[in-house]
1. Somewhere in the stretch 184-193, is a residue buried (at least 22 other Cβ atoms within 10 Å of the Cβ) and either in contact with a Phe, Trp or Tyr (Cβ under 9 Å, 6 or more places away or on another chain) or free of Cβ contacts under 8 Å to residues at least 60 places away in the same chain (or both)?
2. Every residue in the stretch 316-347 that is small (Gly, Ala, Ser) and either under 19 Å from Val387 (Cα atoms) or in the same structural domain as Phe279 (by TED's automatic domain parsing) (or both), please.
3. Which count do you get for residues in the stretch 348-366 that are closer than 13 Å to Ala386 by Cβ and not β-branched (Val, Ile, Thr)?
4. Please go through the stretch 104-131 and give me each residue that is more than 30 Å from Glu145 (Cβ to Cβ) and touching a helix residue (DSSP H, G or I) at 6+ places or on another chain (Cβ under 7 Å), ordered by number.
5. What do you reckon, is Glu181 assigned by TED's automatic domain parsing to the domain that holds Glu115, touching a strand residue (DSSP E or B) at 6+ places or on another chain (Cβ under 6 Å) and either among the charged types (D, E, K, R) or closer than 18 Å to Leu226 by Cβ (or both)?
6. Inside the stretch 618-633, can you point out the residues that are over 13 Å from Ile553 (Cβ atoms) and either outside the structural domain of Ile657 (by TED's automatic domain parsing) or touching a Ser or Thr at 6+ places or on another chain (Cβ under 7 Å) (or both)?
7. Specify which of the listed residues (Arg422, Arg433, Arg411) is without any contact (Cβ under 8 Å) to a residue 40 or more places away in the chain and crowded, with 16+ Cβ neighbours inside 10 Å.
8. Being more than 15 Å from Leu596 (Cβ to Cβ), of a type outside the set (Val, Ile, Thr) and either part of a loop (DSSP other than H, G, I, E, B) or in the same structural domain as Glu143 (by TED's automatic domain parsing) (or both) is the filter here; which residues of the stretch 639-669 pass it?
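The values are calculated or read from the model by the stated rules, or taken from the named source; none is laboratory data. Since we're looking at a predicted model, the values are computed, not measured. Here Cβ is always computed from backbone atoms with ideal geometry, including for glycine, and neighbour counts include all displayed protein chains.
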Amino acid sequence: MSKAPRDEAARHAALIREIAEHDRRYYVENAPIVTDREYDRLFAELKALEEARPSLRTASSPTQRVGGTPQAGFARVKHVTRMGSLDNTYSRDDLLAFLSRVETALGGFPRFVVEPKLDGASLELVYREGALVLAATRGDGVEGEDVTNNARTIRSLPLGIPCRGEVVVRGEVLIDRAALEAVNAEREVAGEAPFANPRNAAAGSLRLLDPSITAGRPLRVFLYELVLAPDAFASHLECLRFIASQGLPSHRLERMCASADEVLAAVESFGAARAGLPFDIDGAVIKVDDLGARKRLGSTSRFPRWAVAFKFEAERATTRLLDIVVQVGRTGALTPVAVLEPVALAGTNVSRASLHNEDEIREKDIRVGDLVVIEKAGEIIPQVVAVAEAEGVRRGEPFEMPATCPACGGRAARGEGEARWRCTNRLACPGQRKAALLHFTTRGAMDIDHLGPSLADELVDEGLVRDPADLYALSVEQVEPLPRMAAKSAQNLVDAIAESRTRPLDRLIFGLGIPLVGEVAAAKLSERFGTLSGLAAADPATEREALSEVRGIGPKIAQSVAEALADEHVMAVVRKFLDLGLDPKARPAAPVSGPLAGLSFCVTGTLSRPRAQVHEEIRAAGGEVHDGVRKGTTHLVAGDKVGKAKLDKARAQGVKILGEAGLEALLRG
C-alpha cells in the first residue's frame, strides 16, 4: 500500500532539509557527517519520490540544480540598489586618512568590520518566499546578467532558505587555487587555453551558456552583504549573522575593530594569512559597522564614504633560474623567458617568467643559476624583478640573444633604435604563425573558444593552418584526428569558428596583428574602410597621408597601416578571408553628440566587464577612446590592477582619473 500524499509531502520536505544540511556541512564547513554512499542513498530516495509524485518537485529541490538546455544568451536584469565598487587605498597613511575622515564626520571613532577582499566574480542573489529566484552578475552596477541557472549548480549555495518574504544578498564566486589546477589540467588535455587565475576562471564559469558545463566547475560562493530582508538590522555584523542563520555560505573571517590600531592590525593579519588561504584575496575591506552611521556618511558620486578597500602589494617569491629560452611573437619579436624552479606565487605554481628584452637582462645582470625575485605584474603575468643576493651561487655566463630564430632557424636581427630582436623569416616561421593564430582568436579580436596554445601548435605543425584565414576552411574531419581531439571537441571548435563570422570589422582588423594597431586604432580604421573589401581596395600611398590626419591614428600608426596595405603577404590573407565569405562591416557610427561629447578616455586595469564593451559604451555616448594616455586624453578609467606608471603619467598630464562608478555617472549625464 502506497503512502498517503500527506506523508509523502512530509518525507519530501524532510529529505530536502537533510540533503541541504549535508551539502552545507560538506561544501561550506568541510566537515561531513555522513558517507558519500549514505548521501547518495538519500538523494536517490528524493529523486524516486519526485518521479512517483511530480507535483512534489519544486525549484528548490536539490534534484533541480542542473536543468534545462544551453541558453542563447543572458537577459539583463536591474539590481535592487546600485551594485557599486569601493575606493582603493594602497598605503598605511591613506588608510589612516580614511579612518580620520570618518571619525571627524561622525564626531567619534565608530566600530569597523574588517573583512578579506575576495578576488572573484561578484554576484547578487534574490530569494522570494524561501526560494532562489534570481542570480545576477554586477554588470555596470545598475544592470547585470541573469545567471540564475548557472548559480543553481553551485553546491554550497542553498536553493531554499527558511526566511519568507524577499531576501537579497551579495557576495563573490570563487574557485580554490588547488581546484583551478585540476580545471586547467583538463583544459590543456582538451587543447583549450588554461585560465590565467582563479578570478578569471570563476567569472568565465559563471557566464557559460550551458549550465551543465558550469556544474562541472568547482565553484564556491561567499556572501558578505545583506541588501534586503523582511526584518531591519542595526549593524553590518547583525546582517552577517542573519546570512549565516539562513544556511547561506559566508567566509566568517570578519573582525570587529574599535580603534585605528585594531583596524591596522586586522589588515596586517589578512596580509600575513593571504598565502595560507585556499582561495585568493587581494586586500582587506574596511566598513563602518553601524548602518545608521553609514546613511549619515553617504556616498560620493563614485564610492561610499563609509567603506574602503586596502589593496595588498603584488606577492613576490624567490626561486632559481634554470634556463633562459627565447619565444617568438606574431611580429617576429624574440622575447627571452626565464625557466624557473617551480614556486607558488599569488595562487598559482610559476615555472616561467618574462625577462622582457636583452637590455633589461644586462641591466639587472640576470644569469642562469641565479636566485631571482619574481612577482606577478597585475597579479597575472610573472616577471623577474631582481637577482637575490646569495653566497655560494654558481652563476652562468652573461646571456646573449641568439643570432638565429629558435623556431625556424632564420636570421635574427635587432633594428637600430629597437629594444627587441626579430626573426627575419617572416613568411615561413612557424613560431610567428602560431603566435599570430593565437592573437587572432583572443577576446579583443575574433574571440574564438576551444582554441588554446596546444591546439594552435598542432594546427600549424600539421599544415592545416598557415594563417588565420585558413581557420575558416577547417572541417570536423580534418580536426578530429589531432591529438587529444574527438568528434565533439572537433565540432565545438568548428562551430566556434563559424560563430566568429558575425564579429564586426574592427575585431578582424585588430586580429590581423598590424604593428601599433590596437583595439582603438582598429575601430578608427573600421570606420574609414567600412568593410573588409573596402580595406582590400585601399591605396597604401593615399591612406598614409589621409590616416595621419585622423585623430587617434597619427603618423606612426598611419605608416604601419600603409606598410601593411602594401605587404603582399598581409593582403593575400585579406583576400583569402574574402574568398571564404568573410566581409565584415563596420559597426554603426557613434553619435556626434551625447553626455561624453568632447571627452576622450583611456581605459585600463581589470574591469567588471570586457574592455571592448566599455569602449563601445563610451563611443555610443559621443566620447573618444585612446589606446594609452597621451595628448588630448581627458580621463583615465582605472579598474583593478592598474600599473603605477600609467597612473603617474595621467596625474602628470592633468588627466582626470575615474573608477567604473565615475564613468557610469558621466554616461548617465
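1. Of all residues in the stretch 184-193, those buried (at least 22 other Cβ atoms within 10 Å of the Cβ) come to 191.
Pick out the ones that are also either in contact with a Phe, Trp or Tyr (Cβ under 9 Å, 6 or more places away or on another chain) or free of Cβ contacts under 8 Å to residues at least 60 places away in the same chain (or both) and you get none.
Checked the stretch 184-193: no residue is buried (at least 22 other Cβ atoms within 10 Å of the Cβ) and either in contact with a Phe, Trp or Tyr (Cβ under 9 Å, 6 or more places away or on another chain) or free of Cβ contacts under 8 Å to residues at least 60 places away in the same chain (or both).
2. Those that are small (Gly, Ala, Ser) and either under 19 Å from Val387 (Cα atoms) or in the same structural domain as Phe279 (by TED's automatic domain parsing) (or both): Ala317, Ala338, Ala344.
3. 6
4. Once the filter is applied, which keeps residues that are more than 30 Å from Glu145 (Cβ to Cβ) and touching a helix residue (DSSP H, G or I) at 6+ places or on another chain (Cβ under 7 Å), the stretch 104-131 yields Ala105, Leu106, Phe109, Pro110, Phe112, Val114.
5. Details: assigned by TED's automatic domain parsing to the domain that holds Glu115: yes; touching a strand residue (DSSP E or B) at 6+ places or on another chain (Cβ under 6 Å): no; either among the charged types (D, E, K, R) or closer than 18 Å to Leu226 by Cβ (or both): yes.
Considered against the rule, which asks whether it is assigned by TED's automatic domain parsing to the domain that holds Glu115, touching a strand residue (DSSP E or B) at 6+ places or on another chain (Cβ under 6 Å) and either among the charged types (D, E, K, R) or closer than 18 Å to Leu226 by Cβ (or both), Glu181 comes out as no.
6. Gly622, Gly623, Thr633
7. The conditions single out Arg433.
8. Matches in the stretch 639-669: Gly639, Lys641, Gly643, Gln653, Gly654, Gly659.
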